[in-house]
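S.K.: Mind having a look at this structure? Questions to follow.
The values are calculated or read from the model by the stated rules, or taken from the named source; none is laboratory data. These numbers come from a predicted model, not from an experiment. Cβ atoms come from the backbone with ideal geometry, glycine included; neighbour counts cover every protein chain shown. To get the accessible areas, we keep the full protein, side chains included, count just its heavy atoms, and leave off ligands, DNA and RNA. Shrake-Rupley method; radii C 1.70, N 1.55, O 1.52, S 1.80 Å.
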Amino acid sequence: MQREQKYYSIAIDGPAGAGKSTIAKLVAKELQFIYVDTGAMYRAIGLLAVKEGIGMQEEEALGALARKADINLKYENGRQQIYLNGENVTDDIRTEEAGKMASAVGKVKAVREKMVDLQKKIAESDHVIMDGRDIGTVVLPLADLKVYLTADARVRAERRFKELTGKGISCNIEEIEKDIVARDYQDMNREASPLKQAEDAVALDCSYMTIEEVAASIINLFRKAVS
């Protein structure tokens with residue numbers, strides 16, 4: 001009798017700007033896991049809502065939009081690409097507007113149900129590492145390792161400011177910090193799958209750690225968890 005394939009999974013949750021995606025990509029590369037950018041999936045719906053002229057408060061319309069949306073994750077030239085209704089929107093979803101809308105659509109139950117279903121199916125077919133707000137609590141409750149990654153709001157604002165100015169984008173660090181704090185509150189207080197640390201998650205404050213140090217810590221935690 002053939003043994004059923006065991007697929008490992010790592011869940012990384014935490015507030016916006018903590019570096020979850022960057023860290024997850026490094027860990028995925030080292031462990032040869034599939035990195036699933038769940039935030040990009042919500043950003044895709046947020047982008048679609050912006051294009052369709054649907055407001056943040058129109059929950060019924062947002063839910064209907066998500067149910068009919070076709071979202072696919074593909075790996076091309078070693079990089080994850082996001083396809084929305086057949087169109088590559090990998091770069092388009094990284095605008096501030098799409099990010100704010102992503103947090104808003106994430107509050108809608110119908111949107112989350114659609115995204116969680118897609119994410120669970122991906123985890124059933126490969127070794128994965130996912131990052132988001134409710135991965136360890138909702139999407140992958142049986143993950144081999146759960147990490148709650150956080151950082152001080154000011155530190156996160158400074159990182160975002162540096163990233164944007166490095167791209168030649170004019171911005172205000174005080175406004176960025178204000179937006180981060182507001183988004184934290186929204187994510188932690190939404191009715192559908194609020195951001196919170198899973199009871200069995202390892203808390204990791206990366207305020208004063210390098211990206212490489214955080215990735216190494218998570219890899220060590222995973223290897224201990226499955227040994």
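S.K.: Does the range 160-173 contain any residue that is open to solvent by less than 60 Å² (accessible area, probe 1.4 Å) and in contact (Cβ under 8 Å) with a residue 60 or more places away in the chain?
M.R.: yes
S.K.: Find the residue count for the range 210-222, including only residues that are under 18 Å from Tyr35 (Cβ atoms) and either open to solvent by less than 60 Å² (accessible area, probe 1.4 Å) or free of Cβ contacts under 8 Å to residues at least 12 places away in the same chain (or both).
M.R.: Let us first name the residues in the range 210-222 that are under 18 Å from Tyr35 (Cβ atoms), namely 211-212, 214-219, 221-222.
With either open to solvent by less than 60 Å² (accessible area, probe 1.4 Å) or free of Cβ contacts under 8 Å to residues at least 12 places away in the same chain (or both) added as a condition, the list becomes 214-219, 221-222.
The total comes to 8.
S.K.: Tell me, please, whether a residue that is assigned to a helix (DSSP H, G or I) and out of contact with any Asp or Glu (no Cβ under 8 Å at 6 or more places or on another chain) can be found in the range 129-141.
M.R.: Restricting attention to the range 129-141, the residues satisfying the condition of being assigned to a helix (DSSP H, G or I) are 135-139.
Add one more test, that the residue is out of contact with any Asp or Glu (no Cβ under 8 Å at 6 or more places or on another chain), and what stays is 138-139.
Yes, there is a match, as at least one residue in the range 129-141 is assigned to a helix (DSSP H, G or I) and out of contact with any Asp or Glu (no Cβ under 8 Å at 6 or more places or on another chain).
S.K.: Name the single residue, out of those in the range 153-183 being among the β-branched types (Val, Ile, Thr) and over 20 Å from the mean Cα position of the chain (by Cα), that is nearest to Tyr208 (Cα to Cα).
M.R.: Residue satisfying both the conditions and the ranking: Ile173.
S.K.: Would you please name the residue that is modelled with the highest pLDDT, looking only at residues in the range 109-128 that are crowded, with 22+ Cβ neighbours inside 10 Å and either among the hydrophobic types (A, V, I, L, M, F, W, C) or part of a strand (DSSP E or B) (or both)?
M.R.: Val128
S.K.: Determine, yes or no, whether Thr38 is β-branched (Val, Ile, Thr) and open to solvent by 10 Å² or more (accessible area, probe 1.4 Å).
M.R.: On the way: β-branched (Val, Ile, Thr): yes; open to solvent by 10 Å² or more (accessible area, probe 1.4 Å): no.
Taking the combined requirement at face value, the residue does not satisfy it.
S.K.: In the range 41-59, what residues are open to solvent by 30 Å² or more (accessible area, probe 1.4 Å) and within 14 Å of the chain's Cα centre (by Cα)?
M.R.: Answer for the range 41-59, where residues must be open to solvent by 30 Å² or more (accessible area, probe 1.4 Å) and within 14 Å of the chain's Cα centre (by Cα): just Arg43.
S.K.: One residue is enough: does the range 68-85 have a residue meeting the conditions without any contact (Cβ under 8 Å) to a residue 40 or more places away in the chain, in a helix (DSSP H, G or I) and not aromatic (Phe, Trp, Tyr)?
M.R.: Looking through the range 68-85, at least one residue is without any contact (Cβ under 8 Å) to a residue 40 or more places away in the chain, in a helix (DSSP H, G or I) and not aromatic (Phe, Trp, Tyr).
S.K.: All but one of (1) exposed (fewer than 15 other Cβ atoms within 10 Å of the Cβ); (2) over 28 Å from Phe222 (Cα atoms) hold for Thr90, so report the exception by its number.
M.R.: Condition not satisfied by Thr90: (1).
S.K.: Given the options Gly78, Gly99, Gly106, Gly63, name the one that is among the small types (Gly, Ala, Ser) and either open to solvent by 60 Å² or more (accessible area, probe 1.4 Å) or in contact with a strand residue (DSSP E or B) (Cβ under 8 Å, 6 or more places away or on another chain) (or both).
M.R.: Details: Gly99 fails: either open to solvent by 60 Å² or more (accessible area, probe 1.4 Å) or in contact with a strand residue (DSSP E or B) (Cβ under 8 Å, 6 or more places away or on another chain) (or both); Gly106 fails: either open to solvent by 60 Å² or more (accessible area, probe 1.4 Å) or in contact with a strand residue (DSSP E or B) (Cβ under 8 Å, 6 or more places away or on another chain) (or both); Gly63 fails: either open to solvent by 60 Å² or more (accessible area, probe 1.4 Å) or in contact with a strand residue (DSSP E or B) (Cβ under 8 Å, 6 or more places away or on another chain) (or both).
After applying the criteria, what remains is Gly78.
S.K.: Pick from the range 180-207 the residues that are touching a residue at least 40 places away in the same chain (Cβ under 8 Å), part of a loop (DSSP other than H, G, I, E, B) and open to solvent by 60 Å² or more (accessible area, probe 1.4 Å): which of them is farthest from Glu96 (Cα to Cα)?
M.R.: Asp200
S.K.: Kindly check whether there is at least one residue in the range 189-200 that is modelled with pLDDT of 90 or more and of a type in the set (Ser, Thr, Tyr).
M.R.: no
S.K.: Does Arg94 count as out of contact with any Leu (no Cβ under 7 Å at 6 or more places or on another chain), under 30 Å from Ala203 (Cα atoms) and not hydrophobic (A, V, I, L, M, F, W, C)? I'd like the intermediate steps shown before the answer.
M.R.: Details: out of contact with any Leu (no Cβ under 7 Å at 6 or more places or on another chain): yes; under 30 Å from Ala203 (Cα atoms): yes; not hydrophobic (A, V, I, L, M, F, W, C): yes.
Taking the combined requirement at face value, the residue satisfies it.
S.K.: Tell me, yes or no, whether the range 3-18 has at least one residue that is aliphatic (A, V, I, L, M), more than 30 Å from Glu199 (Cβ to Cβ) and open to solvent by less than 40 Å² (accessible area, probe 1.4 Å). Outline the logic, then answer.
M.R.: Step one: list which residues in the range 3-18 are aliphatic (A, V, I, L, M), which gives 10-12, 16, 18.
Now restrict to residues that are more than 30 Å from Glu199 (Cβ to Cβ): none.
Looking through the range 3-18, none of the residues is aliphatic (A, V, I, L, M), more than 30 Å from Glu199 (Cβ to Cβ) and open to solvent by less than 40 Å² (accessible area, probe 1.4 Å).
S.K.: Just need a number here: residues in the range 138-147 that are surrounded by fewer than 21 Cβ atoms within 10 Å (Cβ to Cβ) and not hydrophobic (A, V, I, L, M, F, W, C).
M.R.: 2
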